[in-house]
Amino acid sequence: QVQLVESGGGLVQAGGSLRLSCAASGIISSDNVLGWYRQAPGKQRDFVAQITSGGLTRVADSVKGRFTISRDSAKNTVYLQMNSLRPEDTAVYYCKITQLWRDYWGQGTQVTVSS
């Protein structure tokens, strides 16, 4: 089994920064994709960013230039550096790992941006 634990969420003022972390444990394949998604109240869960085990990244247009995804494969940890935060970034942020044709999700961490 695989477990994901997110941390780093919180309350921040608009224009501020937060750094989210997600640590994966259990049986982790060397070939995987780690990603971040977010879900605002009453809305669907949306893609934010992802990074492959080879270091290739993809970022949603809505956060491009403000959010950066990175990983420490030795620690099976993925990070999301969020700068210039806006109230519309308020959501629960979820970490996901895709490996061996399966997806595993974390429990989510709340990010609230006040105006």
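The values are calculated or read from the model by the stated rules, or taken from the named source; none is laboratory data. All values derive from a computational prediction rather than experimental measurement. Because the Cβ atoms are built from the backbone with ideal geometry, glycine has one as well, and the counts that use them run over all protein chains shown. Ligands, DNA and RNA are excluded from the accessible area calculation, which covers all protein heavy atoms including side chains. Shrake-Rupley method; radii C 1.70, N 1.55, O 1.52, S 1.80 Å.
Computed values, structure above
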item	result
Unmet requirement for Trp101, which otherwise passes all of (1) under 19 Å from Ser7 (Cα atoms); (2) at pLDDT below 95; (3) of a type in the set (Phe, Trp, Tyr)	(1)
Some residue of region 14-23 being modelled with pLDDT under 95 and among the charged types (D, E, K, R)	no
Selection from region 104-115 of residues that are open to solvent by less than 80 Å² (accessible area, probe 1.4 Å) and either free of Cβ contacts under 8 Å to residues at least 40 places away in the same chain or of a type in the set (S, T, N, Q) (or both)	Thr109, Thr112, Ser114
Pair list, Cβ < 6 Å and 6+ apart or interchain, from region 27-47 residues that are more than 15 Å from Leu4 (Cα to Cα) to residues that are outside any strand (DSSP E or B) and open to solvent by less than 40 Å² (accessible area, probe 1.4 Å)	Phe47/Ala60
